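Each value in this text was obtained by applying a stated rule to the coordinates, not by laboratory testing. Everything quoted here is computed from the prediction, not taken from an experiment. No Cβ is skipped: glycine too gets one built from the backbone with ideal geometry, and neighbour counts run over all protein chains shown.
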Number of protein chains: 2
Amino acid sequence: MSLACETCAVRESAACSVLDHDEREALSKAGRTRELTRGEVLFAAGDEDAACATLVTGALKVCSYDEDGNERILALIHPSGFIGEMFAPFAAHDVVALTKSTLCVFAKADMQRALDDHPKLTRALLRRSQEDLYWARQLLALGSGRSATEQVGTFLLALAQAASDSPCHPSQRFELPLTRGEMASMLGLTIETVSRAMTTLEKQGAIRRHGARGIELVDPARLEGSV
Amino acid sequence: MSLACETCAVRESAACSVLDHDEREALSKAGRTRELTRGEVLFAAGDEDAACATLVTGALKVCSYDEDGNERILALIHPSGFIGEMFAPFAAHDVVALTKSTLCVFAKADMQRALDDHPKLTRALLRRSQEDLYWARQLLALGSGRSATEQVGTFLLALAQAASDSPCHPSQRFELPLTRGEMASMLGLTIETVSRAMTTLEKQGAIRRHGARGIELVDPARLEGSV
DNA sequence: CGACGCCTTGACTCAGGTCAAATAACGTGG
DNA sequence: CCACGTTATTTGACCTGAGTCAAGGCGTCG
C-alpha cells in the first residue's frame, strides 16, 4: 500500500518533512503504513533487520527487560518521532504500542538508500537522534537526588507538555497515556510508590485526579519543587 | 593552529575517518586542537554557540547538576567520541575532562558547513549519535531492579570493556578513570554505597583491588549476577 | 612533617520496596 | 442496561537496602 502523505498528520513535523514533494513521493513508494493496537510489538529486541518507522499517531514505548522479566521503559515515542537503528545489525530494545497507533514503516535497506539519496534526510534524522539523546539524559537526570514524589511530579509535567499541541505550554487537563505500572517502570519505582506520590500531590493541591487516568494541573509550579 | 591528522590517534575511528584525505585536510583547517587537564570545562550548560569536538585522547564526562549542586554524570566520552549538539541553540549539559585530554574542536558554524559539504560525515555522526543513545539507555536500564552491588559490578565490567583496546574482551586489569564519587554519581548512588559494593565484590572473589583505583577482574561472570 | 583529598568502615535512620487486602474502573455477554 | 469477572488502582502494615552522619586510614604534595 502506498502512503497518503498529503493527509499525513505529521506531514509538517516528521523527518521526511525536509524533503520536497517529489522526493517524498518517491520515498513513500518504499514505505507502507501500519496500525498497531495497545500492546502490539513493533520491533523486538534482537530482531535482525528490524525496520525503521515514523510514528504518525498514537504513542510507543521503548523498553528492555531485566532477567526476572520486569519491564523497564527507556523512552516514549510521540507522533513524528522516528524509531529504528539504521546501523546496528539488530534491534537493541523492544518497541511496543501504548495506544492505538499509526506508523509509516520502511525496510532498513530502503531507508539506507534514502539516506544516500537525500543528505537533508540524514541531517534531519541526526537532529532527531540528538533530541532523543537529550531526552534519554533528562530521564537519567530525573532519577537523581529527588524524592519519589518529586520525580512523579516532574514526570507528570513532562507528560502534560507532550500531551499539549502548543509547543511550550503544558496542557492543563489531559489523560495519562500510561498505566501506573508503566509510569513506575519509567521512573524505576514501584506501582505503589507512584500511586502514593499521586495521592500526595493531590493532597498538596498540585493536581486533581479525574478517574484513574485523567490529570488536571492545579498548581504546576508546585510539581517541580515539591516535598 | 592546524591539525596533524596524519599522526592523530583516532584517525581510523573518529567520525572524520569517513572523509578522504583532501576532505579531511580541508576540514582540519577549520578546527584546532585543544588540551584539557582534569576538571577543566569544555562546554558549560547554557553556553550559546558551544562548539563541537572529537575526543582524541583522555576521557570526558557529560553532567548536569540538581538544585543542590550535586553532580549527576550522564555519560562518559572515550577517544574518537564526538560531543556537541549541532542543532540546539545552546549546550544542554556540562562537559568536563576526567583526565588530561586532547580534543579536536570545531566551531558550530564550521561543522554545519562540513555537514552540508560531506553527507558521509553527517551519516557518520548519525551513527555515532545512535550509539550514544544506546549507551544512555543502557545506563538507564542499569538502574532498574538491581541492587547497588549488581549495579557497581555491571558498571565495572563496562569500564573494563572501555579500557580494553580489543573490541569485545574486557581488559583483565585496569585503572579506574573515575573517583568513587564519580562512579556514585553515574549510578545515582552515594560514595559510601559504591565503596561498600566494591568491598563486597572483592569479598565474593569477583574482583581484586590494587590501591584505590586499580581493578583486577578475577571472576567477571560473577559481576553480572551477584547478590 | 602536616594538611588535604580520597577512600573505607561503622552505627543509625528512613524512603521506598514488599506483601496483602480493599476498592474502583472496565469490558463483555446476557 | 445490568451483573459479573477481570484488571487497574489505592491503601495499610511492615521490612530492608541504601542514605546519612561520623570517625579513622592512606597517599600525596608542598
field: Rg/Rg_ref, chain B, where Rg_ref = 2.2 N^0.38 Å and atoms are Cα
entry: 1.08
task: Show me A:50-61, A:211-222 ranked by packing, highest mean number of other Cβ atoms within 10 Å first.
output: A:50-61, A:211-222
- request: Provide a whole-number value for the mean count of partner chain Cβ atoms within 10 Å of the Cβ atoms in peptide A:139-148.
  value: 6
- prompt: Excluding A:P79 itself, what net charge comes from residues whose Cβ is under 12 Å from its Cβ, given Lys and Arg +1 and Asp and Glu -1?
  reply: -1
- line: Ranking A:S64, A:M198, A:G84 by how far each Cα lies towards the positive end of the charge dipole of chain A (+1 on Lys and Arg Cβ, -1 on Asp and Glu Cβ), the top one is A:M198
task: Using a 10 Å cut-off on Cβ to Cβ distances, tally the other chain neighbours for every residue of B:110-123 and report the average as a whole number.
output: 3
statement: Here FRET efficiency (C-beta to C-beta, B:N70 to A:A221, R₀ 25 Å, nearest 0.05) is 0.65
query: What residue among A:V95, B:A221, B:A109 has its Cα farthest toward the positive end of the dipole of the protein assembly as shown, where the charges are +1 on Lys, Arg and -1 on Asp, Glu, each on the Cβ?
result: B:A221
message: Just checking the output field for A:185-195: average partner chain Cβ neighbours within 10 Å of each residue's Cβ?
response: 1
statement: Given unit charges at Cβ for Lys, Arg (+) and Asp, Glu (-), the dipole magnitude of region B:148-224 about its Cα centre in debye, nearest 20, is 200
message: With +1 assigned to the C-beta of every Lys and Arg and -1 to the C-beta of every Asp and Glu, and no other charges, what is the dipole magnitude of chain B about the Cα centre in debye, to the nearest 20?
response: 660
- prompt: Put +1 on the Cβ of every Lys and Arg and -1 on every Asp and Glu Cβ in chain B; which of B:A9, B:L36, B:S144 then has its Cα farthest towards the positive end of the dipole?
  reply: B:S144
FRET efficiency for B:D49 and A:S13, using Cβ-Cβ distance with R0 set to 35 Å, rounded to 0.05: 0.85
query: Given chain A, what count of lysine pairs have C-alpha atoms under 26 Å apart, with each pair 8 or more places apart or on different chains?
result: 7
- line: Quick calc: nm separation of the 7 Å Cα→Cβ label points for B:T199 and A:E6 -> 7.3
